[in-house]
Amino acid sequence: MTDQHDDIADRVATTRAQLFDTLDAIEDKLNLPKQLGIAASKVKRGVVEKRPEYLAGVAAGVTVVGGIVVLVLRRR
């Protein structure tokens, strides 16, 4: 009888632990501020990792816009 009781108690403990893990996962998914923080961290990490390409693109864009502004001002 004790073995059967221990087996049931072990199964209940395992099920309880799984239930707590599931509830924690659901809470994490529904916690909007936490999800926004995670998304912001991912974006920030992506920008930091790709900084040289990003900065090169910005520099090229600024150069093109600057050139257009100079051409327009010279024509006046």
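The values are calculated or read from the model by the stated rules, or taken from the named source; none is laboratory data. These figures come from a predicted structure and were not determined experimentally. Because the Cβ atoms are built from the backbone with ideal geometry, glycine has one as well, and the counts that use them run over all protein chains shown. Accessible surface is based on the protein model in full, side chains and every heavy atom, while ligands, DNA and RNA are left aside. Shrake-Rupley method; radii C 1.70, N 1.55, O 1.52, S 1.80 Å.
Would you compute, from DSSP H runs of 4+ residues alone, the mean residue ellipticity of the chain at 222 nm, taking -39500 (n - 2.57) per run and dividing by the full residue count, rounded to the nearest 500? Mean residue ellipticity at 222 nm (helix-derived): -33500 deg cm²/dmol. Summarising the label geometry, the points placed 7 Å from Cα in the beta-carbon direction at Ala56 and Thr2 lie 7.3 nm from one another. On the chain, 64 percent of the accessible area sits on carbon and sulfur atoms, based on a 1.4 Å probe. Kirkwood analysis of the Cα pair distances in the chain returns a hydrodynamic radius of 18.2 Å. What the chain shows is 94 Å² of accessible area per residue, with the surface traced by a 1.4 Å probe over protein heavy atoms. Apply the membrane-span-like helix rule to the chain: whole DSSP H runs, Cα extent along the own long axis of at least 30 Å, mean Kyte-Doolittle hydropathy at least 1.0. List the helices found. For the chain, where a helix must reach 30 Å along its axis and average at least 1.0, the hits are 51-75.
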